[in-house]
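For reference, the structure discussed in these notes is given below.
Each value in this text was obtained by applying a stated rule to the coordinates, not by laboratory testing. All values reported here derive from a predicted model rather than from experimental measurement. Quick reminder, even Gly has a Cβ in these numbers, built from the backbone with ideal geometry, and neighbours come from all protein chains shown.
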Amino acid sequence: MLCRITFVSATAELFVKDGYTIVRCPRCGLVFRATLPARGELDEIYGRAYFGGGGSPLREGYLDYVGDADVHRTNARARLRRLAGLVEPGPLLDVGCAAGFFVDEASRAGWQARGVDVSRPMVDWGRAHLAADLRLGTLADVPHDRDESCITMWDYLEHALDPRADVQDALSRLRPGGILALSTGDAGAALARISLRRWHLMTPRHHNFFFTRRTIRALLETVGLELLDLGHPAARFPLRYLAHKARLVLDAPLVAAVATRLARSQAGGRAVPLNLWDVMTVVARRP
Ligand SMILES: [Zn+2]
């Protein structure tokens, strides 16, 4: 996928998780789902259930994405502060924008921000409640009617159907000196390597690609971007989300009981900083 290899042999198979075969390309080392979802499946995959709501304990995704708005806004402002040191506020496109909290915070910080996402319930919610400039669809559906100063892809690339095409498209939309900033899981991190198929980001119903420092760098440099920074900054998470995730990984009755209580309680909405050093934030520039 990264090297555009078209046939992956059986020897590339790593393991099967939730019925999906995970492979590692023998040429470029990229780890990915052997069979990718069809475009027509995205509506169902990223429907209301993925983003939660109502606090029902789901198998994957978010417990209550919109309910945790404050946490998303806090994380968005931290990301915008980092971007402010690299590029003057200007046109910004957020790919995989969900309900648009980052787009809204970026607008408040002086950017001409818009977003795109395949999730109809999230885009509808953001338009109605934030009056954010959000479009339903993929990056390819966004008209190239201006040059962007910044394109962001927060926790997006692992969900993409063709990350290389998306990064190439992003490059073509950036003005010279423009910035691409993204976050994605680091499958080469210690936690990911130890927990392997039980890694909390190894969720192949929603995640198609599992990058490492080496493969994300190769992807960006292959298309012609210049890597500026690659780090593992902490982010804030609601307690109930962490308990929900722990429950999926640990499968222990005590954890399940705590998760259920937190999902219903006020305390569950409290945000705590966490760094498992397994999520990368990468910043690259169009030369
Ligand atoms: Zn490859």
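Give me the net charge of residue 14's neighbourhood, meaning all other residues with Cβ under 11 Å from the Cβ of residue 14; Lys, Arg count +1, Asp, Glu -1.
For residues surrounding residue 14, the net value is +3.
First obtain the Kirkwood hydrodynamic radius of the chain from its Cα pairs, then insert it into the Stokes-Einstein equation at 4 °C and 1.567 mPa s, and state the resulting D in µm² per second as a whole number.
The Stokes-Einstein estimate is 67 µm²/s.
If we sort 107-119, 86-98, 187-199, 21-33 on the protection proxy, mean other Cβ atoms within 10 Å, highest first, what's the order?
The packing order, highest mean first, is 86-98, 107-119, 21-33, 187-199.
Between residue 21 and residue 206, what is 0.36 nm times their sequence separation minus the Cα-Cα distance? Round to one decimal in nm.
65.3 nm
In whole Hz, what ³J(HN,Hα) sequence does segment 202-210 give by Karplus (6.51, -1.76, 1.60; θ = phi - 60°), x for Gly and Pro?
7, 10, x, 5, 10, 9, 9, 10, 10
When the dipole is taken about the Cα centre of the chain, and only Lys, Arg (+1) and Asp, Glu (-1) are charged at their Cβ, what size is it in debye, to the nearest 20?
The dipole magnitude comes to about 720 debye.
So how much slack lies between residue 277 and residue 230, counting 0.36 nm per residue of separation and subtracting their Cα-Cα distance, in nm?
15.7 nm
Once phi is turned into θ = phi - 60°, what whole-Hz ³J(HN,Hα) does the Karplus curve with 6.51, -1.76 and 1.60 give for every residue of segment 187-196, x standing for Gly and Pro?
5, x, 5, 3, 4, 5, 6, 6, 8, 6
What does the charge add up to near residue 23, with Lys and Arg as +1, Asp and Glu as -1, over the other residues with Cβ less than 14 Å from its Cβ?
Every neighbour counted, the sum reads +4.
Name the long-range amide H neighbours of residue 229: under 5 Å, sequence gap of 5 or more, or other chain; modelled H, no Pro or chain starts.
Placed amide hydrogens put 283 under 5 Å from residue 229.
Any idea what the relative contact order of the chain is, in percent, if you count C-alpha pairs under 8 Å spaced at least 6 apart?
18 percent
So in the chain, what percent of DSSP beta bridges are antiparallel if you round to the nearest 5?
60 percent
Quick check on the chain: helices-only [θ] at 222 nm, where DSSP H runs of length 4 and up contribute -39,500 (n - 2.57) each and the sum goes over total residues. Nearest 500, please.
Estimated from H runs of four or more residues: -9500 deg cm²/dmol.
Karplus couplings for segment 277-286 from phi (6.51 cos²θ - 1.76 cosθ + 1.60, θ = phi - 60°), rounded to Hz, Gly and Pro as x?
6, 10, 10, 9, 10, 10, 10, 9, 10, 7
Could you pull out every residue, at least 5 positions away or on a different chain, whose amide H is within less than 5 Å of the one on residue 17? Hs are placed 1.01 Å off N in the peptide plane, and Pro or chain starts have none.
Distant-sequence amide H within range of residue 17: 22.
Please list the non-local residues whose amide H lies under 5 Å from the amide H of residue 134, H modeled 1.01 Å from N, same-chain partners needing a gap of 5 or more.
Amide H neighbours of residue 134: 115.
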